[in-house]
Every structure is written in C-alpha cells, then in structure tokens.
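**Q** Handing you a structure now.
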Amino acid sequence: MSPHNTTTSPWTARPPVVAVLGHIDHGKTTLLDQIRKSAVAAKEAGGITQHVGAYEITHTLPDGTQKKITFLDTPGHEAFSKMRARGAQVADIAVLVVAADEGVKPQTLEALEHIKASGATLLVAINKIDKPEAKPEKIKQQLAENGVLLEGWGGNVPHQEISAKTGKGIPDLLTLILLAAEVAELKADPALEAQGAVIEAHKDARVGNVTTLLVRDGTLRKGEYVVAGNAQGKIRNITAPDGTDVASATFSSPVVVIGFDTIPAVGETFRAVADKKAADALAAAFLPVHPHTKFGVGVHTAVPAPAQASAENAGGEKPTLHVVLKADAAGTKEALEKMVSDMDFPRACVRVVKSDVGEVNENDVTFAESTHAVVAAFKVKVSQATAKLAQAHGVLVLRSETVYELADELKRKLQELLPPEVQRQELGKLTVLATFKMEKAKMIVGGRVSDGKIKRGAKVDVKRKGTILFSGKIIQLQHQKEDVAEVPQGRECGMMIVPHIPQDKFIEVGDELAAYEEETALRPLE
C-alpha cells in the first residue's frame, strides 16, 4: 500500500492529455503554435511553459470556467506510437487534422490507424477553411468512406472546422476537447503513488539524466524513487509546467525530473515508489518485448516471448500473433487477409492489425512495433533503411513470394508463442559403488554403467529402491582418472553431480542414477 494513502481520497476529474496527428503539411504544427499563442495572450504571462515533448495550457470556457489541457508537443510524437507498450496510454484524446483543400491522404489514414490502436477518443479538426478551395463537406464524405462517421453524417465523432493560420475555430476546438474529456469522465486520485508515461529523456552534461514525465494518476513527490522499465532512480528535482521547481506534481502534468540512473525509454510507463527496495523489485521484474534486441526504445512490455505475443495472453486467452500485411496488389491483399483471418487454431490465432499495398516503409515498422506485430511482406520490396530500422527496433519482417511460404512462416511464428514441448530422452543407468564427497551443493560418486551410457552434462535422477530422491546434473565425468564426454555400458566411472536444489539427502552405495537429456520442440497448433 502507498505510504500516501493514510486517508481515502476521492477520485477527482483530471485534465485531458491530447495528441495532434495527421498528414504532413495539413497544419498540425501551425495549430499547436496557434494554441500556444492564444493561450499566452489569454494569460498574458507565464500561462504555459514549453517542455520538451509536452506542454500545458489553460482554456476559458464560454461560461467563464477555466480548465487545463495538456498537449503532446510533437505531431506524431514517438510516445504516441508507443502508448500501448506495457499498457501505457499516453493520450486520452487524439485530434486528427485534415486539410479542407487537400482531403484524406495516406498519412491521414496511417494516423487514424494509430489512433484506433491507442484507444484514445477521436476528434477531427478540418483545417484551412480560410482557403478559397476548401471543401469541408467533401472531407466529411471522404472520412465516412474510410469508416469515420462525423456528427451530422450518421456518426458520433465530434469535429470542428478551423483555420490554424488565422485562429478561427480554435477556441471552439478547445471547448470541444474539454467536452469530450467531460464525457470520458477522466478521473484520478492524488493520494496514489504517481504513475504515467515517459515523454522525453536526454542526458545533460551538467545535471545528468533529464526526463519529461507525464503524470496520469497520483502525486509525484521529490525524494521518491521512480521506475520506468529497467531504468530507475531517486527524484532529486521536479520542474512544474510553469517552470518553477516544486516538491510535488499531480495529474495530468508534464514535468521535468532529474534523478534517473539511466535514460528511460520514450513511451515507457513509470511508477513512483517510496523506497529503493520497491524500486529494485519493479525494475527486476521488467521484461522487454523484444528479447533479441539491445535497443531500449519502445520495446518494453511484460508479455510472453517471443516479441509478437499479444498482451491478450495476460487475460488467459490464447496467444495471438499480430500482423502488419503488405502486398503487391489490392487483389492479392484481399486474398491474403482472408487466408490470415482463417488461421485460427485451438491453441493460437493470427490477427491482421494493418494491411496495405506497396513496399514496407518506416511507418509500417513503427506501427508494427507499437502493436507488437510482425510485418508480412508479400512480393514487395523492403529498403535497406527500413530493414535497418526494423532490426534496430526488434520488428520481425517476414518476406515471402508464395502464399504457402507466407502461411508456413506465420504458423511457425505462432508455434513460437506457445510453450515448447519438452521431450525426455533416456541415456542410461549407473549403480553407485562408492561415494567420495557429499555436500548440499555437489556430490562426487563412483559406479558402474549398467545400461546404455552416461554423458557429461546430462541430467540425472537419483533413485533409491525405485523412488526418486532428487534430480541434478552431471557436470564432471571421469574414466580411469581422465576427463571424458561419455562412458558406455559395462565400464566404471566417477562423476560430480550438482543437485537442482541443494540437498540434505545424499547419495549412498547401492543407489541407482538414471541419466537423461531433454529436448524442446515446437508445440502443435491443433
């Protein structure tokens, strides 16, 4: 239990955290800049302080009420792509910006897929309505054709027409964000130990590791220990959104802290704890998604190996292999989608989280990483740069030229999600004729091989009158005082055995040793 929970604290409303995404040149940066300016004008001085990765504003509603909103600073921010890692949801609300003069573009749809994957509430900002060629109604139609039904168009997705250049509609957009937050009933408890997400992190030659944290719940206090993945440290300093050093910070504040021993991964969740022992335990329990990569960004989540096991496993459901599918043609893509959707086995299944036509690009890799998926590249190119990015971030790219090849690759990856079958291979038996040294952690005995053979490195069951006393491993084997790899039937030998668990029971003359090896094999899907 948290040391802060000395009394029961009521859950209170917290400010929303907002990410702005969309196609390049559709006005994301201009919108954020305009929000900064309007907020500064309204507050005159010190109303917002720019942080690396996030900033906080105060918006005045039509009734005069002032409420805070936290924006992720960079459009398409890396943390947004990683928000599903270890269950961390960075943004509560995502604003999809679409230019009224250009319409829905490929990057618009990619941003939409990121938003859907994150679980954030979707709002749409139709930008550049000040332009003569603006056609907002056409944008609404295009969005409907891509499954986004706006209010007034048969759906419930809120939207606002704006001009990021002139500022028109932006106050209404901010009000819409706050209304969406009210509907979502965002709550937090200041009495809890703080938790949230890492937004940015870098090393400063003067003060050490500097980390921007987004507090989503609880209260972060100076002097506490904070853990993000396997990075941890004691908080020496907290800088609040207004630029001042503070003793504590609560939700949904972006704060800069100093104290991490190592640089944590962007997008990683963090937790604050009261003491070093608890911090060590949290860091030690951390399991990376991609055990084969040395890179630490965006690959941290406690799900079963290998990398592409779905987090659904935690709920007791069968393992699911997520796939980003890239095909050479639309018809091929549809056929492959059908094939993959049919790969639903009793023990595991495959699910397509994204599919498209064309060569594998960097966006596919980042999306695959954020959804813990493999990339299936069917008769399409993978550039050297994209391949390097995938390798660096631990994303597996499966290339295939035939449907059968792709199906076999996916089945093999599915089998790797299952616990392997362990098969025991009996090697031989030995009758103990003498004992030389008996300790809890190691035992030295001699005997004659009565059946099969005895091998160095083999596992061994120690039996007495047919009952297994304990098991161990042969770490040293000698025949006529020479080290050997194995000893066949009929010969005598000496050996050192290390019990799997230190024993108070010891080997005696007349005991039987049964040597065996274990092999692992992929478990069938059926």
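The values are calculated or read from the model by the stated rules, or taken from the named source; none is laboratory data. For clarity, every value in this text was computed on a predicted model and none was experimentally measured. Using ideal geometry, Cβ is built from the backbone for each residue, glycine included, and neighbour counts are taken over all protein chains shown. Note: areas computed on protein heavy atoms with side chains; ligands, DNA, RNA excluded. Shrake-Rupley method; radii C 1.70, N 1.55, O 1.52, S 1.80 Å.
**Q** On the accessible surface of segment 371-516, probed at 1.4 Å, how many percent belong to carbon and sulfur atoms?
**A** About 49 percent, which is the carbon plus sulfur part of the accessible surface.
**Q** Kindly flag which residue pairs out of Lys116/Lys168; Lys67/Lys234; Lys381/Lys413; Lys37/Lys116; Lys116/Lys140 have an alpha-carbon separation exceeding 24 Å in this structure.
**A** Lys116/Lys168; Lys67/Lys234; Lys37/Lys116
**Q** Starting from the 7 Å offset along Cα-to-Cβ, what nm value, one decimal, do you get for the label separation of Ser471 and Leu179?
**A** Roughly 6.5 nm, to one decimal.
**Q** A further question on this structure: Under a Cβ-Cβ cut-off of 11 Å, what is the net charge of the residues other than Glu224 that fall near it, where Lys and Arg count +1 and Asp and Glu count -1?
**A** Computed value for this residue: +4.
**Q** Now a separate question. Residue-wise, which Karplus ³J(HN,Hα) couplings in Hz belong to segment 410-416, taking 6.51 cos²θ - 1.76 cosθ + 1.60, θ = phi - 60°, and x for glycine or proline?
**A** Running phi through 6.51 cos²θ - 1.76 cosθ + 1.60 with θ = phi - 60° gives 5, 5, 5, 5, 4, 4, 5 Hz.
**Q** Count charges around Glu517 for me, please; just the other residues with Cβ under 13 Å from its Cβ, Lys/Arg as +1, Asp/Glu as -1.
**A** +1
**Q** Okay, moving on. Mind giving me the FRET efficiency for Lys37 and Gln425? R0 is 60 Å, r the Cβ-Cβ distance, nearest 0.05 is fine.
**A** Efficiency for this residue pair is about 0.25.
**Q** What pairs in Lys338/Lys379; Lys68/Lys138; Lys105/Lys411 have C-alpha atoms more than 24 Å from each other?
**A** Table pairs above 24 Å Cα-Cα are Lys68/Lys138; Lys105/Lys411.
**Q** While we're looking at this one, here's another question. Nearest 20 debye, what's the magnitude of the dipole of segment 216-262 about its Cα centre given +1 on Lys and Arg Cβ and -1 on Asp and Glu Cβ?
**A** 100 debye
**Q** Please give the net charge around Gln478, taking every other residue with its beta carbon less than 15 angstrom from that of Gln478, where Lys and Arg add +1 and Asp and Glu add -1.
**A** After counting each charged neighbour, the total is +4.
**Q** Same structure, new question: Give the lysines whose C-alpha is closer than 21 Å to that of Lys459, dropping any in the same chain fewer than 8 places away, or say none.
**A** Of all the lysines, those that pass the test against Lys459 - Cα under 21 Å, at least 8 places apart if same chain - are Lys429, Lys437, Lys440, Lys442, Lys473, Lys505.
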